[in-house]
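The values are calculated or read from the model by the stated rules, or taken from the named source; none is laboratory data. Just so it is clear, the structure is predicted and the values come from calculations on it, not from any experiment. When we count neighbours, we look across all protein chains shown, and the Cβ atoms used for this are built from the backbone with ideal geometry, even at glycine. All accessible areas refer to the heavy atoms of the entire protein, side chains included, with ligands and DNA or RNA removed. Shrake-Rupley method; radii C 1.70, N 1.55, O 1.52, S 1.80 Å.
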Amino acid sequence: MNDDAMDLRARNKQATREAISHAALRLAIEQGPNGLALVRVHDIATAAGVSPRTYNNYFSSREEAICSFQADQSRRAGQALRSRPAGEPLAQAVIAAVIELYTNPEPDRAGLRMIMSTPELEGEALKAFSMAEGPLAEAIAARTGTDPVRDLFPTVTAAAVAGAIRVAGRHWLERGNTASFATILRRALSCVLPAAPSEGPQDQ
């Protein structure tokens, strides 16, 4: 199989994954506040235009399906930072990378509210956002010349960034809040991003 065919296959698989995820979230929203329990695999598969077997090939639960968009975003966090200009200050690079990744497009407010207000989905979303930490820590380490195994800076910073993203989402959903998600996310990230790793010898 040549590279073009492999790329097409990967794109088709991602499109199917996204279609299932969007269908699952849409059905849950349509069912109301307790809609998750009413959504069946058959209904999700039908809405996405796939078979139940195909659904099961992609996801092991409704929660995983609904939160897969957040998981996919988080997996790209490290690459998003690596794509920033090499000479850009760390805090500026991380903020720009994260804002581009998580606000283009802006989150669906109804969907995010459904996820954040349903305990089962909130737990899955927490796991999804946490997926950003490993790749992001490696990218931060590469950018700062630190060791993600021995040095705390990359991993602590990555964890703080993941936490800031979750907090920004909650704040954005608060009643009466009219600011864009990008604006709130920038404020949250600015609270946790230092300009550079602390100097001095690292623990062995």
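Remarks
- Span-like helix criteria (full DSSP H runs; alpha carbon extent of at least 27 Å along the helix axis; mean Kyte-Doolittle hydropathy of at least -0.5) are satisfied in the chain by 152-172.
- Under a model in which nothing but the beta-carbon of Lys, Arg (+1) and Asp, Glu (-1) is charged, segment 1-87 shows a dipole of about 180 debye around its Cα centre.
- Added length on full extension, which subtracts the Cα-Cα distance from 0.36 nm per residue, ARG109 to ALA19: 30.6 nm
- Segment 5-55, accessible surface, carbon-and-sulfur percent (1.4 angstrom probe): 54 percent
- Charge sum, other residues only, whose C-beta stays under 12 Å from GLN92's C-beta, Lys/Arg counted +1 and Asp/Glu -1: +2
- Dividing the summed -39500 (n - 2.57) terms of all DSSP H runs of n ≥ 4 by the residue count of the chain sets its mean residue ellipticity at 222 nm at -21500 deg cm²/dmol.
- Packing rank of 153-162, 71-80, where each peptide gets the mean count of other beta carbons within 10 Å, highest leading: 153-162, 71-80
- Heavy-atom surface of the chain, accessible at 1.4 Å and reported per residue (Å²): 55 Å²
- For segment 57-129, radius of gyration divided by Kirkwood radius, i.e. Rg to Rh on alpha-carbons: 1.06
- Residue-wise HN-Hα couplings along segment 53-58, as the Karplus relation 6.51 cos²θ - 1.76 cosθ + 1.60 with θ = phi - 60° gives them from phi, are 5, 4, 3, 5, 6, 9 Hz; Gly and Pro carry x.
- Most fluctuating residue given options PRO85, PRO52, PRO135, as computed from a GNM of the chain linking Cα atoms under 10 Å: PRO85
- ALA86-ASN34 FRET efficiency (beta carbon distance; Förster radius 41 Å; 0.05 resolution): 0.25
- Within the accessible area of segment 96-149 (1.4 Å probe), percent carbon and sulfur: 54 percent
- Dmax and Rg, reported as Rg then Dmax, of segment 1-42 (C-alpha, Å): 15.1, 47
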